[in-house]
Structure formats: structure tokens, C-alpha cells
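What follows is a set of notes on a single structure, which appears directly below.
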Amino acid sequence: MTFTSLVMLASLAAAAACLTGCSASSAGSSSSSLVAPPAATPGSWSIALHGGAGTIDKDSPKELVAAYESALAAALDEGTRRLAAGQSALDVAEAVVRMLEDNELFNAGRGAALTAKGTVELDSSIMDGATLKCGAVAGVRTVKNPISLARLVMLKTPHVLLAGDGAEDFATTQGVTRVPNDSFITPRRRKMLDDHLKEQAAKPAAAASPLPIDTLAPSNPQHRFGTVGCVVRDSKGNLAAATSTGGMTGKRFGRIGDSPLIGAGNYASNTTCAVSCTGTGEQFIRHGVARMVAARMELAGETLDQAARHLVFKTLSPDDGGLIAVSRDGSISMPFNSEGMFRAAASSGGLRLVKIWE
Ligand code: ASP
């Protein structure tokens, strides 16, 4: 047996131990993290995806749980198939996020969370770790797959972020698929908004004054789950991150969250890692979470998992959300401080995981 195979066996064993023993380590808060074996061999790849922090009840109908699990598994399989075929991190991240945008279970594309006015405004961003090129759109209302428009902003304009009418106008010039705003709306999201508005109406004093941080998120965690994201290290060692969302139920129209903000909800650099965040966007913006994970690796010499966990368990507040990240060596970390986070991960080394709760 060669030295390299021994090192790989050792890291696989360490990862297996970590999968069973490392998952709940932050006292007092829900937590979950995964350290996949480093991708030490040429041609190896890693992928992680999320369908949002916040969660469905553990006693939800079995069919609903199964539907989420199979949607996550299908997206993971699509990403895995593309990576095994040698596709680039950027292509894979975009394709996986498009698939999740098209699934109405998730808060992106059809099935997105509604604004307080009952409309849909979508935010999305993508970043190429090899070049630091990035593109984003915010507050788009008729673009079926905002992640692909974000990529076109990156490829076809000198800009990083286009918002509102400007983004819609750009979509027209690019010929991307458009749909009426109400075609994004599902009965389930309409009910969530109605419940949220009733809840808000019952608290007139809080609604009349500027909201403190801890009242920004709808109190029912089911009303704020479903943002989607994907981080990839491809077989050439390039990284990419993509994130897409409808934001939070009952948000003010015009509100923009962290998902389209490079460095807050999404970031990728081949020198460190690729990160996609989910949760109360205002908190992720305040702390520049995605870029900060990379900065802690770069400047403080932390591992991906140390940096990601620091942000989620020490910087953010309990129940703010979580993130998925992949490092330049192929390690994966997926910590969250909410009750659950829809998530999945795979690597060429044989890792395959689909999870909702701890
Ligand atoms: N981060 C998203 C936002 O604030 C929401 C989420 O991830 O659930 O827009």
C-alpha cells in the first residue's frame, strides 16, 4: 500500500469518526457540522447544497419529509453526475440551483416566500472562485431562474449586482425565460403570509416602531425556510458558490437580503473556500459572513470547519441560520444554529449525505 493510500484511508477513518461523533458540539444550540475527507487525489471533487435553514416539524407527514429528502437527493445526484463527467464548478453550481429554483418546495423561483404585499421578489448570486468574477440580481419579479440571470450579469456586464427594473430590463436583452409574478405563488406560501400577517397584527406596538434584530425573522421557523444554495469544488480544483431566494415571508417590498450580496450570503475564492448562507439575511449582511469564513482561513489560519463554526456559533445569534462551505482541499462544513437545515453533500471519495435535522 502506498503512502498516499494510507493517508487517504486515515482521513476517511477520521471523517467516519467525525460523522458519528462530531455532529452536536455547541452546547445550548442546535448544531451540525461535517468534515469530509480532504480531496487529496487529482480529479477528485466535492459538492454541498442546501434548501434553507429553518425547518418543517419533525412530526410532519412522512410524505412531506420524503418529498424534501428526494428533492435534495435528486439535486445532489444531478450535481454528482455532472462533476463525475468533468463539468466546471460554476456550471454545476448553476445547474443544481436551477433545479432547486424549479422545485416549489423551496423558497426560490416558484414556491418563493411572499412580500407583505403578497408579491414575489427574487434575489440570487453566483461567484467563480478561480477568477473572483461574480454576478447577482435583486428584487427580480418575472425571471424564472434568477441564478442564470446572475451568471449573465457576471459574464455580460462590467457590473456585479443589478436590481429591480434594471435587472428586469437586462433580462429582456438576454432573452431568459420570463413568467408572470403570480406564477411563482403557491397556496402554501400564501397561507404562510396570511398567518404571518395575522401574527404581526396581533403585535401593534412592535409593528409601529423599528424592529429590533430578533423580530426581523418571522417567529414561526416554517415561514422562513427554503432558500437554496450550492458550493462546489470541481475536479480541476476550482471552486464556485451559488445562492437563490425569495427572501423572508412578509418582508417589505424592496427589501434585499444577504443572498445576492457577495461576501454576505455568497462567496468563492480558490485560495480558501466557497460559501452559501441561509437564514436571517440582515444578520449575515451585518457580519459579512460568507467572506468572513474565507478571511478566517486566510488570515487566522483556521480550517474550513473551524472558521465556519466560529461564524455560526460565535458570531451569529441562535436561530439565525447556517451555511454550507467547501474548501480548496475538498473538505465540507455545514453548520447551522437553527432547528434544522435542508442539506446534502457528496464527494468523489464516497461521501453521500442527505439531512434535514441534526
Ligand atoms: N437569507 C435569506 C434572506 O434573508 C433567507 C433565507 O435564507 O431563508 O433573504
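The values are calculated or read from the model by the stated rules, or taken from the named source; none is laboratory data. This is a predicted model, so every value here is computed, not measured. When we count neighbours, we look across all protein chains shown, and the Cβ atoms used for this are built from the backbone with ideal geometry, even at glycine.
Condition (residue is farther than 26 Å from S46 by Cβ, assigned to a strand (DSSP E or B) and at pLDDT 95 or above) applied to the range 155-162: is it met by at least one residue?
Taking every residue of the range 155-162 in turn, at least one turns out to be farther than 26 Å from S46 by Cβ, assigned to a strand (DSSP E or B) and at pLDDT 95 or above.
Mind checking which pairs have a first residue in the range 241-258 that is within 12 Å of G279 (Cβ to Cβ) and a second that is within 8 Å of the ligand (Cβ to nearest atom) and acidic (D, E), Cβ under 8 Å, 6 or more apart or different chains?
T245/D123; G247/D123; G257/D123; G257/E282; D258/E282
How do the pairs read when you match residues in the range 281-293 that are on the phi > 0 side of the Ramachandran plot and free of Cβ contacts under 8 Å to residues at least 60 places away in the same chain with residues anywhere that are buried (at least 24 other Cβ atoms within 10 Å of the Cβ) and not aromatic (F, W, Y), using Cβ under 8 Å and keeping only pairs 6 or more apart or on different chains?
That search, which allows pairs on different chains as well, returns G288/A264.
Return the residue satisfying two criteria in turn: it lies in the range 268-301 and is in contact with a Cys (Cβ under 7 Å, 6 or more places away or on another chain) and within 16 Å of I332 (Cα to Cα), and of such residues it is farthest from the ligand (Cβ to nearest atom).
Ranking the candidates gives M297 first.
Quick check on my filter: what residues within the range 59-89 are over 22 Å from Y267 (Cα atoms) and of a type in the set (A, V, I, L, M, F, W, C)?
Those that are over 22 Å from Y267 (Cα atoms) and of a type in the set (A, V, I, L, M, F, W, C): L64, V65, A66, A67, A71, A73, A74, A84, A85.
Is there a residue in the range 118-128 that is modelled with pLDDT of 95 or more, more than 20 Å from the chain's Cα centre (by Cα) and surrounded by fewer than 20 Cβ atoms within 10 Å (Cβ to Cβ)?
yes
Does the range 230-248 hold any residues that are more than 15 Å from V137 (Cβ to Cβ) and either more than 9 Å from the ligand (Cβ to nearest atom) or part of a strand (DSSP E or B) (or both), and which are they?
Within the range 230-248, C230, V231, V232, R233, D234, S235, K236, G237, N238, L239, A240, A241 meet the criteria.
Could you identify the single residue in R309, R291, R343, R352 that is surrounded by fewer than 17 Cβ atoms within 10 Å (Cβ to Cβ) and either under 20 Å from R233 (Cβ atoms) or at pLDDT 95 or above (or both)?
Testing whether each residue is surrounded by fewer than 17 Cβ atoms within 10 Å (Cβ to Cβ) and either under 20 Å from R233 (Cβ atoms) or at pLDDT 95 or above (or both) leaves just R352.
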